[in-house]
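Q: The structure under discussion is supplied below as structure tokens; questions concerning it will follow.
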Amino acid sequence: MRYTKWYLLPAALLLAAAVQAQGYPTKPVRIIVPFAPGGATDIVTRIVARHLTDVWKQSIVVDNRAGAGGNIGADLAAKATPDGYTLFMPSGSVVTANQHMYAKLSFNAAKDFVAITNVASGPQALVVNPSFPAKSIKELIAMAKAKPGTVNFGSAGFGTQTHLAAENFVYTAGINVIHVPYKGEGPALIDLVAGQINFLTPNLSAAIGFVKTGKLRALGVTSKQRAPQVPDVPAVAETLPGFENLGWFGLVAPAGTPKAVLAKVHADVVRILQSADVKKRFDDIGMVPVGNTPAAFTKAMREESARWAKVIEQRKLKLK
């Protein structure tokens, strides 16, 4: 009878993982996006996916799974086989705020995902339909205060970056407005263009095309200073001093994904983010490429989660 030497197993497993990473990927890779097409998360993912296709010589499938503030896509990603062939591109709120916003989730962001890198960051824009009476942040606030509960705003869903940005604005401005959640920025933007809702705080990257073509009017951006892509649009902070709200989009993988595969994905994505073409694409839409280390990304998510926990509790935003 032959016996396996147990002390050789760890080395064998490490060797198998290294071999797996060396040839990775050998088939198409899926990136789950937890929102509908047309939003910032989708836009950022497709920019990265196109370049990964060139680097890996494999198809990158962008799989939009919208609903429940990003939770449907997150649940699917958390339960995916951890082999590197399913990756997940959430907006920051999905993995830092939703656990505090929703009473019960089917996934644990801190345990079910492993960080790869923060891909990009940028401000939101407060936008309205061109026919909307308010022509400035000051006028919008005055309108909402004159008739409490009559002005409404859309979002990509409960707990999303667009929702939290709007709630920050509403809280700081001291106004009473109605929240209309959607299954992503794309559908919300379409309804805003159609005049079905009053205002929206989408990521600038998703709204900039509508603003530049005159389909929407931007009243402000949520960065501390004006965005160079829309220099005529004031910062919200010019009316509400100190106001700032930034969004980000990062790449993670299901927990248990081989470390060697994670290292390869990280290295290739960071190299893509450093390319002149991607920098320009992001700059055109008001985004800044990040490309930090997995450790730095993990730390940033942990700290942001703690901040959102306090905000959601203080402002009583948690869903029952």
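Q: Could you give me the residue pairs with C-beta distances under 8 Å whose first residue belongs to the stretch 228-241 and is in contact (Cβ under 8 Å) with a residue 60 or more places away in the chain, whose second residue is assigned to a loop (DSSP other than H, G, I, E, B) and among the hydroxyl-bearing types (S, T, Y) wherever it lies, and which are 6+ apart or on separate chains?
A: Correct list of pairs: P234/S136; V236/T222; T239/S136.
Q: While we're here: Scan the stretch 104-116 and tell me whether some residue there is outside any loop (DSSP other than H, G, I, E, B) and touching a Ser or Thr at 6+ places or on another chain (Cβ under 7 Å). Full working, then the answer.
A: Of the residues in the stretch 104-116, the ones outside any loop (DSSP other than H, G, I, E, B) are 109-116.
Those still in the list that are touching a Ser or Thr at 6+ places or on another chain (Cβ under 7 Å) too: 114-115.
Yes, that holds for at least one residue.
Q: OK, next. If I ask for residues that are among the charged types (D, E, K, R) and within 25 Å of S205 (Cβ to Cβ), which ones from the stretch 303-320 would you list? Give the derivation first.
A: Let us first name the residues in the stretch 303-320 that are among the charged types (D, E, K, R), namely 303-304, 307, 310, 313, 315-316, 318, 320.
If the condition is that a residue be among the charged types (D, E, K, R) and within 25 Å of S205 (Cβ to Cβ), then E303, E304, R307 are the ones that fit.
Q: On to the next question. Any residue at all in the stretch 135-146 that's of a type in the set (G, A, S), within 13 Å of L200 (Cβ to Cβ) and not in a strand (DSSP E or B)?
A: Quick first cut of the stretch 135-146, residues of a type in the set (G, A, S) only: 136, 142, 144, 146.
Checking which are within 13 Å of L200 (Cβ to Cβ) leaves us with none.
Within the stretch 135-146 (the criterion being of a type in the set (G, A, S), within 13 Å of L200 (Cβ to Cβ) and not in a strand (DSSP E or B)), the answer is no, since none of the residues qualifies.
Q: Is it true that some residue in the stretch 233-242 is modelled with pLDDT of 95 or more, out of contact with any Gly (no Cβ under 9 Å at 6 or more places or on another chain) and buried (at least 19 other Cβ atoms within 10 Å of the Cβ)?
A: no
Q: What pairs can you find where one residue is in the stretch 58-73 and at positive phi, the other is surrounded by fewer than 20 Cβ atoms within 10 Å (Cβ to Cβ) and assigned to a helix (DSSP H, G or I), and their Cβ atoms are less than 9 Å apart, with a gap of 6+ or different chains?
A: A68/D75
Q: Is it the case that V270 is surrounded by fewer than 22 Cβ atoms within 10 Å (Cβ to Cβ) and under 22 Å from T41 (Cβ atoms)?
A: Numbers: surrounded by fewer than 22 Cβ atoms within 10 Å (Cβ to Cβ): yes; under 22 Å from T41 (Cβ atoms): yes.
Spelling it out, V270 is indeed surrounded by fewer than 22 Cβ atoms within 10 Å (Cβ to Cβ) and under 22 Å from T41 (Cβ atoms).
Q: For a quick check of your reading of the model, give me the residue pairs whose first member lies in the stretch 138-166 and is farther than 15 Å from N245 by Cα and hydrophobic (A, V, I, L, M, F, W, C), whose second is exposed (fewer than 15 other Cβ atoms within 10 Å of the Cβ) and at pLDDT below 95, with beta-carbon atoms closer than 7 Å and at least 6 apart or on different chains.
A: F158/L319
Q: Can you find even one residue in the stretch 3-16 that is in the same structural domain as D284 (by TED's automatic domain parsing), at pLDDT 95 or above and not polar (S, T, N, Q)?
A: No, there is no match, as no residue in the stretch 3-16 is in the same structural domain as D284 (by TED's automatic domain parsing), at pLDDT 95 or above and not polar (S, T, N, Q).
Q: Only residues in the stretch 92-106 that are within 14 Å of F297 (Cα to Cα) and assigned by TED's automatic domain parsing to the domain that holds K310 count as the first member; pair them with residues that are hydroxyl-bearing (S, T, Y) and part of a helix (DSSP H, G or I), Cβ under 7 angstrom, at least 6 apart or cross-chain, and list the lot.
A: Within 7 Å, the pairs are T96/S305.
For every residue, the table says whether it meets (1) outside the structural domain of E185 (by TED's automatic domain parsing); (2) at pLDDT 95 or above; (3) surrounded by fewer than 20 Cβ atoms within 10 Å (Cβ to Cβ).
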site	(1), (2), (3)
N108	yes, yes, yes
A115	yes, yes, no
V127	no, yes, no
M143	no, yes, yes
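Q: Given the stretch 14-99, what helices (runs of 4 or more DSSP H) lie entirely inside it while holding 1 or more residues that are surrounded by fewer than 19 Cβ atoms within 10 Å (Cβ to Cβ)? Explain how you work it out, then say what you get.
A: Numbers: elements: 40-56, 71-78, 92-96.
Helices (runs of 4 or more DSSP H) meeting the threshold: 40-56, 71-78.
Q: Still on this structure, I have one more. Working carefully through the options A255, A207, A188, A218, find the one that is under 22 Å from A97 (Cα atoms) and surrounded by 19 or more Cβ atoms within 10 Å (Cβ to Cβ).
A: Values: A255 fails: surrounded by 19 or more Cβ atoms within 10 Å (Cβ to Cβ); A207 fails: under 22 Å from A97 (Cα atoms); A218 fails: under 22 Å from A97 (Cα atoms).
Selected residue: A188, the only one of A255, A207, A188, A218 that is under 22 Å from A97 (Cα atoms) and surrounded by 19 or more Cβ atoms within 10 Å (Cβ to Cβ).
The values are calculated or read from the model by the stated rules, or taken from the named source; none is laboratory data. Here the structure is a predicted model, which means the values were calculated and not measured. So basically every Cβ, Gly included, is an ideal-geometry build from the backbone, and we count neighbours across all protein chains shown.
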